[in-house]
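Read-outs throughout are calculated quantities, based only on the coordinates presented, and are distinct from any laboratory measurement. Owing to the predicted nature of the structure, the values given are computational and were not obtained by experimental measurement. Because the Cβ atoms are built from the backbone with ideal geometry, glycine has one as well, and the counts that use them run over all protein chains shown.
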Amino acid sequence: MSGHRPQKPETKLVHAGRRSSQYHGVVNPPVLHASTILFDSLDELEKAATGGGPGKTTYGRHGTPTRFLLEEAVAELEGGFGTLCVSSGASAITNAILAFVKPGDHILITDSAYFPTRNLCNTFLKKFGVETEYYDPTIGGDIAGLIRDNTVLVWCESPGSLTFEMQDIPAIAAAAHDRGVKVMLDNTWASPILCRPFELGVDVSVQAGTKYIVGHSDVMMGTITTATEQDLLTVKKQILISGDAIGPDDCYLAQRGLRTLSVRMKQHHKNGLKVASWLQTRDEVKRVLHPGLPDDPGHEIWKRDFSGACGLFSFVMKPVEKKQLANMVNHMDLFGMGFSWGGFESLILPSDPTKIRTATNWDEDGQLIRLHVGLEDADDLIADLEAGFERLKTA
């Protein structure tokens, strides 16, 4: 992008990764389907066989301009050197970690990590001799005490999955970099615009583009953005080995979603905080886990490192019987039950962190409920939850 002064995220969202002049002035990048690519000379063919250079179309699985332009936009928004798109958020996690580990290595993973991250570590990585140690997400700079001579990466997720602990990423990054250890962040909650991971010291940022980048609950996608060219090449080699590929139609839909990300996130922020604040007034609720609330333990870190909040948070209910819980969630009008989030619609998901925590204890005796607050009118969503709480009394 050109310009005489730095452009704000809202402006970048509209213009990054379009390059209309290369496509006859068309506003949105076209969808280019391809498997085989033809070359005019032996010299071009040989260059393609060695990678072809960034943004070069060499084979359909390696990407076409439809994907390259999306990658260009995400990298610009996150502030990284470059981005690679893959077929899902789980694939982004898997390829990002595998790119930097080998048998005998030790890695540190936040105990609040998304379950597929834990599943990768506890199964595949363990099978191939990579040792995973989980750590308290609030450890901050004290993570230095867990770093060994064979530690190669620290994985962060801020706020954490289900329980929304904020992590002091700059302190963790400083301690890790003192020992030559890479720092990776799952930045899905913030989307590409609410957190600038590389300004916090992160080396690799991963997102489930399925969520807020796409924004419409109809595409699977992951993104991996790196701070340096060398790390980008390392990740690219791993993706090529894995055989991962994402189709141009999905990249096109993600491009469309990206353009409205700012206005959607502002509404998710507003609606989420309104619903969270209302939940704090309810007798049925023990506490609300939302870093945007002033009394949340992670609020000061959130204010320092983030420019806003999305619509995802949790709350803990006072103990209820399963039939009461079922009567509440089975009859919601607006909150659907589902495992994803980041779309325009609201979701409700009863969860139990005790099943996966190992480095920390989740000892709340009430039911954890994760909400994704969508783009509906917040008062309508509150009314739906209020009716659900009333059903607790009749079960």
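Rounded, prolate or oblate for segment 9-259? Axes are the square roots of the Cα gyration tensor eigenvalues, ordered a ≥ b ≥ c, and the cut-off for rounded is a/c under 1.5.
Numbers: a/c = 2.06, a/b = 1.52, b/c = 1.35.
Cα axes put segment 9-259 in the prolate bin.
Taking square-rooted eigenvalues a ≥ b ≥ c of the alpha carbon gyration tensor, is segment 325-395 rounded, prolate or oblate, where a/c under 1.5 means rounded and, failing that, a/b exceeding b/c means prolate? Oblate, because a/c is 1.5 or more while a/b does not exceed b/c.
Is segment 261-392 rounded, prolate or oblate when judged by the Cα gyration tensor, a ≥ b ≥ c being the square roots of its eigenvalues, rounded requiring a/c under 1.5 and prolate requiring a/b larger than b/c? Don't skip to the end; give the middle numbers.
Values: a/c = 1.63, a/b = 1.12, b/c = 1.45.
Because a/c hits 1.5 or more and a/b fails to exceed b/c, segment 261-392 counts as oblate.
Relative to the Cα centre, the charge distribution of segment 15-160, modelled as +1 at Lys and Arg Cβ and -1 at Asp and Glu Cβ, gives a dipole magnitude of about 440 debye.
How much of the DSSP bridge set in the chain is antiparallel, in percent, rounded to the nearest 5? Kindly include the intermediate steps, with their values, before the conclusion.
Details: 24 of 43 bridges.
Counting only bridges with both partners in the chain, antiparallel ones make up about 55 percent.
Pairs from the table (126/323; 274/393; 12/236; 47/102; 274/318; 126/211) lying more than 31 angstrom apart at Cα are 126/323.
Working out 0.36 nm times the residue gap between residue 31 and residue 379, then minus their Cα-Cα distance, what length gain in nm do you get to one decimal?
Numbers: separation 348, 0.36 × 348 = 125.28 nm, distance 3.95 nm.
Length difference between fully extended and current span is 121.3 nm.
Which residue fluctuates most in the GNM of the chain (Cα springs below 10 Å): 279, 42, 240? Comparing 279, 42, 240 in the GNM, the peak value goes to 42.
Could you line up 242, 191 from fewest to most neighbouring Cβ atoms inside 10 Å? List each step's numbers first, then the result.
Details: 242 15, 191 26.
Listed from fewest to most nearby Cβ atoms, that is 242, 191.
Using the Cβ of residue 88 as centre and a radius below 12 Å, the other residues enclosed give a net charge of -1, where K and R count +1 and D and E count -1. In the chain, helical runs assigned H by DSSP with n ≥ 4 each contribute -39500 (n - 2.57); averaged across all residues and rounded to the nearest 500, the mean residue ellipticity at 222 nm is -10000 deg cm²/dmol.
Treat every Asp and Glu Cβ in segment 9-259 as -1 and every Lys and Arg Cβ as +1, leave all other atoms uncharged, and give the resulting dipole magnitude about the Cα centre to the nearest 20 debye.
Values: 20 positive and 29 negative charges, 111 e Å.
Charge dipole, segment 9-259, about its Cα centre: 540 debye, nearest 20.
Taking the Cβ of residue 282 as the centre, find all other residues whose Cβ is under 12 Å away and add up their charges (Lys, Arg: +1; Asp, Glu: -1). Surrounding charge for residue 282 is -1.
Exposure proxy shown here: for 118, 5, 287, the number of other Cβ atoms within 10 Å sets the order, fewest to most, as 5, 287, 118. Grab the Cα-Cα distance for residue 355 and residue 179, subtract it from 0.36 nm times how many residues apart they are, and report the gain in nm with one decimal. Difference between extended and current length: 60.1 nm. Could you tell me the center-to-center distance, by alpha carbons, between segment 189-205 and segment 143-160 in angstrom? Their Cα centres are 17 Å away from one another.
Counting 0.36 nm for each residue step from residue 274 to residue 131 and taking away their Cα separation leaves a gain of 47.3 nm.
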